[in-house]
Amino acid sequence: MSRSRAKAPPVQLLKVDGLPAPVEVRRHPTARRLTLRVSHSARAVVLTIPRHTDVREADRFLTRSLDWIRERLEGVPDAVPFADGAVVPLRGQAHAVVFAGRRKGHAVVEIEARASGLHKLVVSGAQEHGPRRLRDWLIAEARSDLDDRVSHHAGRLGLAAKRISIRDQKSRWGSCTSDGQLSFSWRLVLAPPLVLDYVAAHEVAHLAEMNHGPRFWKLVRQTMPQLEDAKHWLRMHGMQLYRYGP
């Protein structure tokens, strides 16, 4: 979560023998050295190289790091596609996905809460469109929740957001631009409400302080006293949210 960043560098995808995931090679104009990381969200290896680095040097760097990459990839959780019978979280509670086919008089997605056993997310319509329909519904739910919590925190702090966007961000849960536009990951609706609430408060505080200094954290704590519990949840479980999708 941060202020908006510069346009991402162009990406070249490579397949490397012995690796179960692609390697994204990013030639970055301001990079000073070669860096390597494993992206849980994209389930890919990201190699960033300076603009003028020789390709052969990058290849040697990658070859020396293969054991490290394999070890990190083993820790990436398996994906959970939106499919009939899949179990996905909604606001921190597990739900079984049910693709119910065409049903007259029913909403596109309905929640069936149960006193015992799994709650259900019942998706109406043609089964081949089920994953997209569920994703669209989750995005709409995320927008509703975030509109509410941004309004709440902005009111408490005497601030105003210019615009709110919901996206499938891969590296940040939220962001704020210098002209007051907030952007959030739709996957926050999968997390417990406390987590979404914290991210909303975090980005609202950036409307006043485009940094992570003491004054910024004072604003966040002023409107969101439970921020440490939410931050801890994100550190421990946040990457798991990237498992789910159509």
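Observations, loosely collected:
- FRET E, pair Ala83, Lys170, Förster distance 25 Å, beta-carbon r, rounded to 0.05: 0.70
- Of interest is the spacing of the C-alpha centroids, which for the range 35-103 and the range 120-145 amounts to 23 Å.
- Karplus-derived 3J(HN,Hα) values for the range 21-27, using 6.51 cos²θ - 1.76 cosθ + 1.60 with θ = phi - 60°, are 10, x, 10, 8, 9, 10, 8 Hz; glycine and proline are entered as x.
- Vicinal HN-Hα couplings computed from phi for the range 104-115 (Karplus, 6.51 cos²θ - 1.76 cosθ + 1.60; Hz; Gly/Pro x): 5, x, 10, 5, 4, 10, 10, 9, 10, 7, 10, 5
- Net charge of the neighbourhood of Val122, taken over other residues with C-beta under 13 Å away and scored Lys/Arg +1, Asp/Glu -1, is +2.
- Segments 196-206, 77-87 sorted - mean Cβ within 10 Å per residue, highest first: 196-206, 77-87
- For the range 12-107, the square roots a ≥ b ≥ c of the C-alpha gyration tensor eigenvalues yield an a/c of 1.5 or more together with a/b exceeding b/c, which makes the shape prolate.
- Around the amide H of Ile166, modelled in the peptide plane, lie the amide H atoms of Phe184, all under 5 Å away and 5 or more residues distant in sequence or on another chain.
- The helix-only estimate of mean residue ellipticity at 222 nm for the chain, built from DSSP H runs of length n ≥ 4 each weighted as -39500 (n - 2.57), is -10500 deg cm²/dmol after division by the residue total.
- Rounded if a/c under 1.5, otherwise prolate or oblate - the chain, Cα gyration tensor axes: oblate
- The range 137-149 - phi-based ³J(HN,Hα) in whole Hz, Karplus 6.51/-1.76/1.60, Gly and Pro as x: 5, 5, 4, 5, 5, 4, 4, 4, 5, 6, 4, 5, 6
- Rounded, prolate or oblate (a/c below 1.5 giving rounded, otherwise prolate when a/b exceeds b/c) for the range 80-128 by Cα gyration tensor: oblate
- Remark: the Ala100-Arg32 segment gains 19.1 nm on full extension, using 0.36 nm per residue and subtracting the alpha carbon distance.
- In terms of surrounding Cβ atoms within a 10 Å radius of their Cβ, Asp179, Asp229 rank from fewest to most as Asp179, Asp229.
- Dipole in debye (nearest 20) - the range 63-187, about Cα centre, beta carbon charges: Lys, Arg +1; Asp, Glu -1: 260 debye
- Residues whose amide H comes within less than 5 Å of that of Arg103, counting only those at least five positions distant or on another chain, are Gly125 (H built at 1.01 Å from N in the peptide plane).
- Here's how it looks for Ala31: its modeled amide H is under 5 Å from those of Arg51, which are all 5 or more places away or on a different chain.
Throughout, read-outs are computed from the coordinates displayed, never taken from laboratory work. Predicted model only: the values in this text are computed from it and were never measured. Here the Cβ is made from the backbone with ideal geometry for all residues, glycine too, and neighbour counts use every protein chain on show.
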